[in-house]
Amino acid sequence: MNNNQLYQKGHNEAFRLIFEKSPISITLLDLNGQIVEVNSATEKLSGYDRTQLIGYHFTKLGIIPDSTLPKMKNVFTNLLKGENFSPGEILITNNHKDALWINVIGSLVKVGDNLLIQVLAQDITPRKSLEIKLKESEEKYRLLTQNINDMITIINTEMQIEYINEEKHKKVMNYDKDDLIGRSSLEFIHPDDREKVLQEFKKSIEGEERIIEARIRHKDGHYVWTETNGNMFRDSDGNLKIQLVTRDITERKKTAEILSESKKRYRNLAESLLEVIFEIDTDYNLVYTNSIASKIFGYSHEDFKKGLHVNDFILPDERNFVNDVLKRLFKGEIIEPQLLRLKRKDGSVFYSRIYATPIYNEGEIVGIRSVIHDITDMKIAENRIKESEEKFRTIAEQSLMGISIIQDEQVKYVNQNLADLLGYTAKEMLNWKKGEFFKTIHSEDKKRIISLATSIDKYENNKAIYYEARGLTKQGEIIWLDVYYKKIEFEENPAFLVSFIDISDRKTTQEKLKESEEKYRFLFQNAPFSILLIEKSGKIVDCNPSLEKLIGYSRDELIGKKYRKLLIVPEEYLSKLLERLEKITKGISIPPMDVELIRKDGTKIWTNIESSFVKIDNKPFIIIMGHDISEKKKAEKGLKELDEMRKEFINRASHELKTPITTVYGAYQLLNSQYRNEVSKDAQELLDMAVNGTKRLKKLVDDLLDVSRMESRMFTLEKHNVDLSKLILKCVNELTYFFKRGDHNLELNIPENLFLNLDESRIELVITNLLTNAIKYTPKKGTICITIKEYDDYADIRIKDTGIGLTKNEIGKLFKKFGKIQTPLDKDLDIQLGTTGLGLHIAKEIVQLHGGKIWAESEGKNKGSTFIVRLPFND
């Protein structure tokens with residue numbers, strides 16, 4: 001046998017080995033399109049065995065859809081011309097009727113003396129499914145952010161707002177981008193909820209999906225109950241962000257208890273679930289199911305209405321098992337979720353996980369309620385993994401990106417993937433001389449790779465050696481490779497099966513990670529806040545310069561010491577700090593703590609510390625961050641003193657201002673009633689001016705004191721059961737003179753009686769203020785309408801007039817202190833209705849203290865106004 005024959009025999013042996021063992025489908029066609037040979041991977045991919053494929057034309061098997069056949073015929077024609085078919089993705093249907101996406105490479109090859117078409121195919125269905133789902137997900141997210149009724153907010157790890165869907169924020173909370181972007185989200189959280197929100201935020205940063213209920217400040221100042229769902233993600237630059245989806249749940253909070261007890265709403269909830277809800281009676285008859293059951297089981301609404309039995313859904317060979325489970329449930333036993341095959345109307349079967357519990361009525365079990373979750377896809381995936389695990393074990397251990405067989409330092413076989421990766425043709429590589437393949441290895445890595453290759457005998461048989469190395473392409477470009485090196489028998493002689501994966505992108509990422517770590521070290525050294533790293537035992541491991549500056553000790557004086565042995569922490573704080581340390585090591589989240597530390601020079605400094613549990617190089621540590629809050633503590637002390645001064649002022653003002661004003665006002669009234677006719681007309685006018693002026697001054701002082709009491713939380717309510725209808729009639733009667741003076745048409749739409757728990761005098765003040773404003777801002781012969789409307793949880797008082805109306809700008813100012821709206825109608829009234837500009841502000845505070853709301857509506861100037869007061873029944 002000559003050298004050429006030996007070479008041909010070796011080449012054929014290499015091709016046969018790769019052809020039979022390759023996990024990639026390989027099909028050989030003659031120049032007429034008939035199948036000549038296939039490997040086992042082709043049989044598995046197509047679902048046909050070798051005898052069903054060989055000898056058949058590739059267009060006659062029904063694998064390629066009709067829509068794709070013209071393209072594939074054109075590809076086949078081009079292949080006959082000597083052109084290669086670059087990797088292309090097509091959709092096929094195998095013999096099991098499964099739709100599969102495959103990646104196809106076609107080329108003209110010579111086998112012996114025959115010229116054939118070689119088709120390489122690889123199943124990429126999982127990847128295509130992910131790509132399709134990703135595209136759908138991105139489109140859904142775009143549509144969601146544009147059309148969702150919830151508010152979308154994106155914040156960074158400092159809780160600063162970076163993005164909002166402005167239209168929804170404007171609609172729900174009246175904020176636009178300029179109000180929110182760049183500001184801390186904590187600014188808008190109710191003070192009582194901030195600590196809870198901070199804790200939940202930390203958990204979100206740790207990767208947990210959190211749903212937070214908290215009160216958020218509306219632009220007009222009131223707080224709205226919201227529910228926020230937070231999800232962590234990284235943006236295109238790798239920065240950690242939190243996406244918040246927020247909705248107004250104010251009404252839900254008020255009605256939660258009623259909703260939980262309502263059978264009707266339970267049904268609505270069940271109807272909205274994606275899982276099937278089944279309820280059966282003691283005879284195993286189906287008495288209720290939600291609408292999704294029709295879709296899952298294929299039964300119509302009429303089928304369910306006529307009546308179905310449990311056995312209509314159970315396979316015959318599993319009925320005894322189901323009956324046994326049901327009997328145990330009717331005895332009150334708690335049964336673990338069951339995995340069960342269920343039957344549809346058409347006879348098809350699917351896998352399910354069933355959660356079942358008894359239904360009780362006055363302590364007696366009257367039925368069984370089940371939640372059925374379809375897990376067919378999961379079971380199919382599990383079965384496929386189980387069936388294919390052994391078959392593809394070798395593939396899982398070896399890279400298929402590039403394959404070569406090296407024997408006696410010569411390339412005996414190379415696949416097209418590796419040739420393309422290195423920029424050579426397969427023919428070039430097969431013609432390389434002994435040792436020439438080393439030119440594809442970077443000079444700095446050659447020595448290490450040769451050492452690994454020569455020491456492979458030390459490893460167990462069939463054990464692969466793995467290493468990373470730099471490769472050189474034909475064009476001289478450097479690429480990073482994962483290399484798997486395995487000793488095999490080839491043509492009855494030892495050889496190496498080597499496979500390659502291009503990891504250049506991964507190496508680039510690793511370099512970026514290294515740069516990132518260096519940035520974090522820079523941040524640690526230059527952070528404006530103090531950082532202390534300690535072991536679980538309390539021994540100090542590291543600290544940053546800010547801590548040295550804060551306490552006056554150098555790093556060398558701290559490292560290796562136990563913090564409780566130092567004189568930094570006063571004795572009274574040690575037990576608390578030890579308790580915090582114990583909780584942190586157990587994974588319990590703890591709030592920040594204010595501590596007064598002792599500096600090296602003996603001076604004291606107030607510090608706010610936050611502690612958390614971290615792992616560095618898989619070792620547990622506790623990181624403590626501190627902020628100097630001495631100025632804050634000083635300010636808090638000053639604020640406390642100011643608050644005491646404010647309370648003292650209110651007490652003094654109540655006596656020092658009200659008493660002389662009341663005395664003067666009373667004296668003027670007495671003078672007016674007893675001596676008015678004894679003085680001249682000019683004196684009477686002066687007397688009227690004095691009475692009106694004193695009256696206004698008295699109201700101003702009363703309003704100012706009320707506002708001050710509200711702001712210092714000294715304003716209290718004395719509530720009792722009050723007939724709101726009678727209270728409104730009382731207010732109307734007291735203002736009858738002014739209604740007549742304005743020649744106003746008064747309409748009353750109020751019930752005969754309506755009792756609420758109110759502070760009568762305060763609510764009377766609110767109603768009188770609103771009616772006075774309606775009179776003042778409504779021209780003569782205008783209409784003022786008072787309506788009370790009852791709802792389930794509250795009553796609305798609506799005072800509507802046909803007056804001068806309000807602009808949006810004026811509505812925004814109405815309830816602020818001194819938010820007085822000028823009117824040209826004052827001069828038309830014989831008796832002036834003076835105002836301090838505090839009436840509506842006080843009214844709003846009184847209504848909110850009752851747990852209610854007050855707001856104004858108007859279509860614009862000269863279109864009238866409506867003021868609404870909403871008071872709850874159960875507050």
Open item on the list: I'd like the accessible area for I450: 1.4 Å probe, protein heavy atoms, all chains in place, Å² to the nearest 10.
Closed with: 80 Å²
TODO: Please work out the ratio of the alpha-carbon Rg of region 538-612 to 2.2 N^0.38 Å and round it to two decimals.
DONE: 1.09
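If r is the Cβ-Cβ distance from T282 to K60 and R0 is 51 Å, what FRET efficiency results, to the nearest 0.05? All intermediate terms of the calculation are to be shown ahead of the outcome.
Working: r = 60 Å, r/R0 = 1.18.
That gives a FRET efficiency of 0.25.
Over region 64-123, what relative contact order in percent results from Cα pairs under 8 Å that are six or more residues apart?
Values: 87 pairs, mean separation 16.6, N = 60.
28 percent.
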Open item on the list: Could you compute how much accessible surface V119 exposes when probed at 1.4 Å, giving the result in Å² to the nearest 10?
Closed with: 40 Å²
TODO: Write down the radius of gyration of region 26-72 and its Dmax, each obtained from C-alpha positions, in Å.
DONE: 10.4, 27
TODO: Sort Y573, Y484 by accessible area with a 1.4 Å probe, largest first.
DONE: Y484, Y573
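For the cross-link pairs K219/K813; K202/K632; K789/K861, which exceed 22 Å when the distance is taken from alpha carbon to alpha carbon? Spell out each step's value before the answer.
Values: K219/K813 12 Å; K202/K632 24 Å; K789/K861 26 Å.
Result: K202/K632; K789/K861 exceed 22 Å.
Can you classify region 737-819 as rounded, prolate or oblate using the Cα gyration tensor, where a ≥ b ≥ c are the square roots of its eigenvalues, rounded means a/c under 1.5, and otherwise it's prolate if a/b beats b/c and oblate if not? Display every interim value, and only then the final one.
On the way: a/c = 1.74, a/b = 1.24, b/c = 1.40.
Because a/c hits 1.5 or more and a/b fails to exceed b/c, region 737-819 counts as oblate.
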- [ ] Using a 1.4 Å probe and ignoring any ligands, DNA or RNA, find the accessible area of E747 and quote it in Å² to the nearest 10.
- [x] 80 Å²
- [ ] Round to the nearest 0.05 the FRET efficiency obtained for K177 and H373 when R0 = 51 Å and r is the Cβ-Cβ distance.
- [x] 0.75
Open item on the list: Give me a comma-separated list of calculated 3J(HN,Hα) values for region 621-627, in order, Karplus coefficients 6.51, -1.76, 1.60 applied at θ = phi - 60°, integers in Hz, x for any Gly or Pro.
Closed with: 9, 10, 9, 10, 10, x, 10
TODO: Considering the convex hull of the alpha carbon atoms of region 308-351, report its projected area averaged over all viewing directions, in nm², one decimal.
DONE: 3.4 nm²
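Normalised by the residues of region 401-491, what does the relative contact order come to in percent, with Cα pairs under 8 Å and at least six apart? Let's see the in-between values first.
Numbers: 125 pairs, mean separation 20.3, N = 91.
In percent, rounded to a whole number, it is 22.
Restricting to DSSP loop positions (anything but H, G, I, E, B) with no more than 16 other Cβ atoms inside 10 Å of their own Cβ, which chymotrypsin sites (Phe, Trp or Tyr not before Pro) remain in region 24-64? Walk me through the intermediate numbers first.
On the way: sites: Y48, Y56, F58; in loops: Y48, Y56, F58.
Passing sites in region 24-64 are Y56.
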Task: Size descriptor, Kirkwood hydrodynamic radius, that averages inverse alpha-carbon separations across region 45-113, Å - done: 13.3 Å
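The values are calculated or read from the model by the stated rules, or taken from the named source; none is laboratory data. Note that this is a predicted model, so its numbers are computed, not measured. Cβ atoms come from the backbone with ideal geometry, glycine included; neighbour counts cover every protein chain shown. Accessible surface is based on the protein model in full, side chains and every heavy atom, while ligands, DNA and RNA are left aside. Shrake-Rupley method; radii C 1.70, N 1.55, O 1.52, S 1.80 Å.
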